[in-house]
Amino acid sequence: LRYQMDQFNENNTIPGLLSTSALRNVNMNNTTEDRERHRVRALFGANLHINDWLNGGIRFTTGLLQTPVTPNQTEGFSQGKYVFGLDRAFLQATPNEWLTLTGGRFANPFFTSSRYLGTDLLWDPDLAFDGFVASLHPQINPHWKLLSSVGAFPIEEIESSNTNKARDKWLYAAQGGVEWTASDQSKVKVGMAYYDFKNVEGQPN
């Protein structure tokens, strides 16, 4: 259960004025009036152990079907039944202790501060990744471990034609880093990532 309040400064520009420029596409209904909501979230899932090197997972969650990042639903019986949809479905192979291969729909495979600091500056914590990723994490010695991940993730499939010149949208990503573990088991982790979005930027028609 969750109480959520969205607060706005009363001096904000109203949405109608934000959309006056032809170069803007503002999808916002409110910029000045505070909003209060009581919300609910439910998750139901299972981890699947297939054999010593192959595992999987499946998870269902509440949430709006038209957005990939919020499993919260606003309470109010006039809105009818809550939506319950597939949020995770993946297979994960571990051929050895330093290599993991994952395919399907899975949690964020990259090290980001959002897991530890509660920030969604880079990726929303609720976002699921579709596609394939390979993660390598060899242990150099008791104190040092290397971290690297590479993956390809479809964002949107497009039915191209002689009139529709758009192409499938993809995200290609790579990350490298190191993790240091002290004698008292304290850890420090540092990583750097590169994200390459293909066919996402719009072109004037």
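The values are calculated or read from the model by the stated rules, or taken from the named source; none is laboratory data. Predicted model only: the values in this text are computed from it and were never measured. No Cβ is skipped: glycine too gets one built from the backbone with ideal geometry, and neighbour counts run over all protein chains shown. For the accessible areas, the whole protein counts, side chains as well, though only heavy atoms, and no ligand, DNA or RNA atoms are used. Shrake-Rupley method; radii C 1.70, N 1.55, O 1.52, S 1.80 Å.
Amide H contacts of Asp168 (H built 1.01 Å from N, in plane; Pro and chain starts excluded): Ile158 sit under 5 Å, all sequence-distant by 5 or more or on other chains.
Which is farthest toward the positive dipole end of segment 62-151 among Ala134, Tyr82, Thr70, measuring Cα position about the Cα centre, with Cβ charges +1 (Lys, Arg) and -1 (Asp, Glu)? After comparing all options, I get Ala134. Taking Lys and Arg as +1 and Asp and Glu as -1, the other residues whose beta-carbon sits under 9 Å from that of Glu179 total +3. For Phe129, the solvent-accessible surface with a 1.4 Å probe is about 10 Å², rounded to the nearest 10.
About the Cα centre of segment 162-205, how large is the charge dipole given +1 on each Lys and Arg Cβ and -1 on each Asp and Glu Cβ? Please answer in debye to the nearest 20. Could the numbers behind the result be given before it?
Numbers: 6 positive and 5 negative charges, 46 e Å.
It works out to roughly 220 debye.
Solvent-accessible area per residue in segment 49-205 equals 67 Å², computed with a 1.4 angstrom probe and all protein chains kept. Phi angles of segment 144-151 translate, via the Karplus equation with coefficients 6.51, -1.76, 1.60 and θ = phi - 60°, into HN-Hα couplings of 10, 9, 8, 10, 7, 9, 9, x Hz per residue; Gly and Pro are given as x.
Distance between the 7 Å Cα→Cβ label points at Ile58 and Asn30: 3.8 nm.
Here the extension length gained between Arg41 and Val200 equals 54.1 nm, from 0.36 nm per residue of separation less the Cα-Cα distance. Summarising the amide proton neighbourhood of Leu54: residues at separation of 5 or more, or on other chains, whose placed amide H is nearer than 5 Å comprise Thr94. Extension gain, Leu127 to Ile155: 0.36 nm times the residue separation minus the Cα-Cα distance gives 8.9 nm. Distance between the 7 Å Cα→Cβ label points at Leu99 and Arg167: 3.0 nm. From largest to smallest, the equivalent ellipsoid semi-axes obtained for the chain from the alpha-carbon gyration tensor read 35, 24, 21 Å.
Look at the Cα gyration tensor of segment 130-205: its axes a ≥ b ≥ c give a/c of at least 1.5 with a/b over b/c, and that counts as prolate. Here the 3J(HN,Hα) profile of segment 52-58, calculated from phi with Karplus coefficients 6.51, -1.76 and 1.60 at θ = phi - 60°, is 5, 10, 10, 10, x, x, 8 Hz, Gly and Pro shown as x.
Computed from phi, the 3J(HN,Hα) profile of segment 165-179 under the Karplus parametrisation 6.51, -1.76, 1.60 (θ = phi - 60°) reads 8, 5, 10, 4, 9, 9, 10, 10, 9, 9, 9, x, x, 9, 10 Hz, with x in place of Gly and Pro. Can you pull the percent of the chain's accessible area that's carbon plus sulfur, 1.4 Å probe, other chains left in place? Exposed carbon and sulfur together represent 55 percent of the surface.
Simple spin-label estimate for Val69 and Lys189 gives 2.1 nm between the two label positions (7 Å along the Cα-to-Cβ direction from each Cα). Ligands, DNA and RNA aside, Glu75 has an accessible area near 80 Å² when probed at 1.4 Å. Counting only protein heavy atoms and using a 1.4 Å probe, the accessible area of Trp123 comes to about 30 Å².
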